[in-house]
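Everything below concerns the one structure shown next.
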Amino acid sequence: MARYDRAITVFSPDGHLFQVEYALEAVRKGNAAVGVRGSDTVVLGVEKKSTAKLQDSRSVRKIVSLDDHIALACAGLKADARVLINKARIECQSHRLTVEDPVTVEYITRYIAGLQQKYTQSGGVRPFGLSTLIVGFDPYTGVPSLYQTDPSGTFSAWKANATGRNSNSMREFLEKNYKETSGKETVKLAIRALLEVVESGGKNIEVAAMTKEHGLRQLDESEIDAIVAEIEAEKAAAEAAKKGPPKET
């Protein structure tokens, strides 16, 4: 194997590109991220590592806007993400200037995936070590969308998906619990999925919700804590209902 993981452009005899697989491993070790598409809201949630005491936590953002109607969250190497985000933002503005229309979510997803794929096929470069979740509203139809891209340059549309650390656990949870929701219920589903893998509740979670009318809005820590408390109360009530009323002696 050692001979085939030195260069990005060399296939191994069994058809693997090892550098791309190593990039996927970097994603699996990154922070957990989840995206949920509702009927009128799309939500992104990410695991937030605790910041140093003297660090300004506002300078560490893992959910960013690409345009007024499109946002992105990622798992993997943050420095790689910064480069990709800047290129995507420039493409959004360039499209507005050239075509005089905003980009669609699929267009910018295809652009980001194309960039990621380009870096798997050129000598002297390495793949981007990140997977992205891209959400937004179609500027023409107003329909919400959620897409995912990975380091190989593959992209696909989802109703709900997760990436990063323990993404399989979150995906299984979403498969069992997903139903078409709207407003606050969509936010609650995303937070419930994150709580499957994130310890210590709301203080380690960053959540942003987007609506067609108001664009992207980052939820305050107090709002997240209130929803987490609500979820925990529902869990406690469900467990109590399972046990049934106490038997009288």
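The values are calculated or read from the model by the stated rules, or taken from the named source; none is laboratory data. Here the structure is a predicted model, which is why all the values come from computation and not from measurement. Note that each Cβ is placed from the backbone with ideal geometry, even for glycine, and that neighbours are counted across all protein chains shown. Heads up: the accessible areas ignore ligands, DNA and RNA and are worked out on the full protein's heavy atoms, side chains in. Shrake-Rupley method; radii C 1.70, N 1.55, O 1.52, S 1.80 Å.
Mind checking the angle between helix 167-177 and the chain's longest principal axis? C-alpha axes, 0 to 90 degrees, to the nearest 10.
50
Residue farthest toward the positive end of the dipole of region 1-86, with Cβ of Lys/Arg at +1 and Asp/Glu at -1: which of VAL20, ALA7, ALA32?
It is ALA32, whose Cα lies furthest towards the positive end.
Taking K and R as +1 and D and E as -1, what net charge do the other residues with C-beta under 9 Å from the C-beta of ASN204 add up to? Walk me through the intermediate numbers first.
Working: positive: LYS48, LYS49, LYS203; negative: GLU47, GLU199, GLU206.
Computed value for this residue: 0.
Let me check against my output: what whole-number percent is the relative contact order of the chain, with C-alpha pairs under 8 Å and at least 6 apart? The partial results should precede the final answer.
Details: 474 pairs, mean separation 66.1, N = 249.
Averaging sequence separation for qualifying contacts and normalising by length gives 27 percent for the chain.
When only Cα pairs under 8 Å and 6 or more residues apart are kept, what is the percent relative contact order across region 169-235?
Values: 45 pairs, mean separation 18.7, N = 67.
The normalised contact order for region 169-235 reaches 28 percent.
State which stretch of the chain is the longest one without any exposed chymotrypsin sites (Phe, Trp or Tyr not before Pro), exposure meaning a DSSP loop state and at most 13 other Cβ atoms within 10 Å.
12-139
What does the charge dipole of region 123-199 about its Cα centre add up to, to the nearest 20 debye, if the Cβ of each Lys and Arg holds +1 and the Cβ of each Asp and Glu holds -1?
Using only the charged Cβ atoms, the result is roughly 80 debye.
Which ³J(HN,Hα) values, rounded to whole Hz and listed in residue order, are derived for region 84-89 from phi using the Karplus coefficients 6.51, -1.76 and 1.60 in 6.51 cos²θ - 1.76 cosθ + 1.60 with θ = phi - 60°, glycine and proline given as x?
Whole-Hz 3J(HN,Hα) from phi for region 84-89: 5, 5, 4, 5, 5, 5.
Using a probe radius of 1.4 Å on heavy atoms only, what accessible surface per residue do you get for region 95-158? Whole Å² is fine.
Using a 1.4 Å probe on heavy atoms only, each residue of region 95-158 averages 45 Å².
Note the angle between two axes, namely the Cα long axis of helix 105-118 and the longest principal axis of the Cα atoms of the chain, as a number of degrees from 0 to 90, rounded to the nearest 10.
Approximately 50 degrees, to the nearest ten.
Please identify every one of the GluC sites (Glu not before Pro) in region 67-114 that sits in a loop by DSSP and has no more than 10 other beta carbons within 10 Å of its own beta carbon. Walk me through the numbers before you get to the answer.
Working: sites: GLU91, GLU100, GLU106; in loops: GLU100.
For GluC sites (Glu not before Pro) across region 67-114 that sit outside H, G, I, E and B with at most 10 neighbouring Cβ atoms in 10 Å, the list reads GLU100.
If we count every other residue with Cβ under 15 angstrom of THR51's Cβ, Lys/Arg +1 and Asp/Glu -1, where does the sum land?
Values: positive: LYS48, LYS49, LYS53, ARG58, ARG61, LYS62, LYS78, LYS203; negative: GLU47, ASP56, GLU206, GLU221.
Net charge in that neighbourhood comes out at +4.
Could you give the angle, 0 to 90 degrees to the nearest 10, between helix 184-195's Cα long axis and the longest principal axis of the Cα atoms of the chain?
The helix 184-195 is inclined about 80 degrees to the chain.
What percentage of the solvent-accessible surface of region 101-198, computed with a 1.4 Å probe over protein heavy atoms, is contributed by carbon and sulfur atoms?
46
Counting other C-beta atoms within 10 Å, and keeping those with at most 11, which DSSP coil trypsin sites (Lys or Arg not before Pro) do you find in region 33-135?
LYS49, LYS53
Could you sort out which of LYS159/LYS243; LYS48/LYS235; LYS62/LYS159 sit more than 25 Å apart by Cα distance in this structure?
LYS159/LYS243
Straight-line reach from LYS78: which aspartates and glutamates fall under 15 Å, measuring Cα to Cα and dropping same-chain residues less than 8 apart?
Here the aspartates and glutamates satisfying the reach criterion relative to LYS78 are GLU25, GLU47, ASP150.
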